[in-house]
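The values are calculated or read from the model by the stated rules, or taken from the named source; none is laboratory data. In this text, all values refer to a predicted model and were calculated from it rather than measured experimentally. Every residue, glycine among them, receives a Cβ derived from its backbone with ideal geometry; neighbour counts consider all protein chains shown. For the accessible areas, the whole protein counts, side chains as well, though only heavy atoms, and no ligand, DNA or RNA atoms are used. Shrake-Rupley method; radii C 1.70, N 1.55, O 1.52, S 1.80 Å.
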Amino acid sequence: MSWISVALLAATLSSGSVAQTPQAMAEYRRKLAEYNAVRQPFDEKASAYWTSISDKRRARNAKRRSGETIVAEDYVLTQPPVYSGPPKPIDPSAPARPPSERKPLPVVADFLSNAQEHFQFAPRKPAAEIEYKRAYAQVASSFGLTKDQAVRIYSFESGGNGKYDVQAGLESPRPGARAISTALGYNQLLTTNTIDLLAEHGGLILKSLGEKIRQASGPQRAALERKTAIVQQMIAFCKTVPNEWSAHEKLGVTPRGIAVHALNLDVDVGPLLQTLKLMDSVNFARRKGYTAPLTAAELEMMNLTGDGNGFDMVSMPQAMRTVVPTSNFFQRNGYERNPVAIRNNTVAKLLAATDARMDNQVNLQGAKDMASAF
């Protein structure tokens, strides 16, 4: 091979482009035509399906507002179309995409360092895991959560053995493990959840700290007073934007938004935040007139899919749960990225799968310790 050929080959490899020939381009065009012939009608069918999902959801919401009974026909009762054609071929003439430079998600060390830098806050960590579990059990019980609800949801969310600082994706040490979200703690709160709770329930959190101050003395009292002043600053920060999920989500990626998430690691405040997340769902159902006790799996549906979609599922009669597809409670992109919802494709199946996982995880030591804390 001549030095010119070597140089051209090296340039091609370094640029990431794919060698192309008339034959390769002809083959690409043939495969692309085959792909489009199948994909286009599928996309039209899928688009119509997901439009009907949205239309039915709006109609159900209107019926609820007017006090009308929701029936099976208010849902899309067919499963979403599944693409089974050829994959989209790779264009030989297209330059290779550069490797993704996605910014890594913040982890516990980042929550702590940002809390120290922006609020001069260091959480009071438990001396042992059981101390946090007991604090959580006490708070959860005082708000009316049952042992069964708390233990089974802890088992589902944290894998049955998760510690108070467990983060999604880092549940167990393994090579190459990385965080997959900012979800933290027994009930896996996102940074957005923490900001949302501080903005919504700041007064209640400060009241709880005030009660702890009245019961304390000496250095412990002084530490609680200082903590309360810092929490007030954090609450004020969380209220600098409209009380909306999208605004809190944007705030959650800022350094100060990352900082307030460290409150979940504090044994005086964290158990309250973790509890309030579940209680928001319980109270949402009550405000909608649903007074039956929520099973752990039902409460988890509200925790996972959002209160509106979760309530839609849990308020459904048992007979309807076996026929209503889970796709009714998702946007298209979210559903297509959710293998659990696809595999367990009716409400009954999804609840049963959630219960089955809880049944398995409650036998782990962390869940047993949580149960004993109640």
Q.
Probe radius 1.4 Å, ligands and nucleic acids ignored: give me the carbon and sulfur share of the accessible area of the chain as a rounded percent.
A. 55
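Would you kindly work out the equivalent ellipsoid of the range 71-147 from its C-alpha gyration tensor and give its semi-axes, the square roots of five times the eigenvalues, largest first in whole Å?
Numbers: eigenvalues 417, 205, 26 Å².
Taking √(5λ) for each eigenvalue gives 46, 32, 11 Å, largest first.
Restricting to DSSP H runs of at least four residues, report the calculated mean residue ellipticity at 222 nm for the chain, -39500 (n - 2.57) per run over all residues, nearest 500 deg cm²/dmol. Before the final figure, lay out each step's value.
Numbers: 17 runs with 229 residues, N = 374.
Computed ellipticity for the chain at 222 nm equals -19500 deg cm²/dmol.
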Q: Calculate how steeply helix 270-287 sits against the longest principal axis of the alpha-carbon atoms of the chain, using the helix alpha-carbon long axis, and give the answer as 0 to 90 degrees to the nearest 10.
A: 80
Q: Calculate, axis by axis, the spread of Cα positions in the range 28-163 along the three principal axes, and write the results as whole Å, longest axis first.
A: 66, 53, 30
Q.
Can you return the lysines within cross-link range of LYS368? Criterion is Cα-Cα under 26 Å, with same-chain partners fewer than 8 residues away left out.
A. LYS125, LYS133, LYS147, LYS163, LYS277
Q. Taking every eigenvalue of the Cα gyration tensor of the chain, multiplying by 5 and rooting it, what semi-axes result, largest first, whole Å?
A. 43, 31, 19
Q. How far is helix 347-361 tilted off the main Cα axis of the chain, in degrees rounded to 10, range 0 to 90?
A. 60
Q. Cα extents of the range 144-264 along the three principal axes, largest first, in whole Å?
A. 43, 33, 29
(Q) Let's test the formula: R0 of 45 Å, r as the Cβ-Cβ distance of ASN338 and THR21. What FRET efficiency results, to the nearest 0.05? (A) 0.65
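For LEU364 and ILE230, calculate 0.36 nm times their separation in residues minus their Cα-Cα distance, and state this gained length in nm to one decimal. Don't jump to the answer; show the numbers that get you there.
Numbers: separation 134, 0.36 × 134 = 48.24 nm, distance 3.66 nm.
Result: 44.6 nm gained on full extension.
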Q: Determine which lysines satisfy two conditions relative to LYS250: a Cα distance under 16 Å, and not lying fewer than 8 residues away in the same chain.
A: LYS103, LYS239
(Q) Given the options PRO104, LEU204, GLN188, identify the residue whose Cα lies farthest towards the positive end of the charge dipole of the chain (+1 on Cβ of Lys, Arg; -1 on Cβ of Asp, Glu). (A) LEU204
(Q) Of MET234, ALA285, VAL323, which is farthest towards the positive pole of the range 108-373's charge dipole, taken about the Cα centre with +1 and -1 on the beta-carbons of Lys, Arg and Asp, Glu respectively? (A) MET234
(Q) Give me the one-decimal nm value for the distance between modelled label points at VAL71 and ALA353, 7 Å along each residue's Cα-to-Cβ direction. (A) 3.0
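R0 = 35 Å: FRET efficiency of ARG97 with GLU171, Cβ-based, nearest 0.05? Could you put the intermediate results ahead of the total?
Values: r = 31 Å, r/R0 = 0.89.
Working from the Cβ atoms, E equals 0.65.
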Q.
Less than 20 Å apart at the alpha-carbon level, and either on another chain or at least 8 residues along: which aspartates and glutamates does that give for LYS88?
A. GLU27, GLU34, ASP43, GLU44, GLU336
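Order 296-309, 31-44, 150-163 from most to least packed using the mean count of other Cβ atoms within 10 Å.
Working: 296-309: 20.9, 31-44: 13.1, 150-163: 24.2.
For the peptides 296-309, 31-44, 150-163, the packing ranking is 150-163, 296-309, 31-44.
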Q) Under a plain spin-label model, where a point goes 7 Å from the Cα along Cα-to-Cβ, how far apart in nm are LYS31 and ARG178? A) 2.7
Q: Compute the accessible area per residue over the range 108-373, keeping the other protein chains in place, probe 1.4 Å, unit Å².
A: 44
Q.
Tell me the angle of helix 147-158 to the major Cα principal axis of the chain, expressed in degrees between 0 and 90 and rounded to the nearest ten.
A. 40
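Calculated FRET efficiency, ARG221 and LYS163, Cβ-Cβ r, R0 35 Å, to nearest 0.05? Write down the numbers at each step before the final one.
Details: r = 28 Å, r/R0 = 0.80.
Step by step, r from the Cβ atoms, then E = 0.80.
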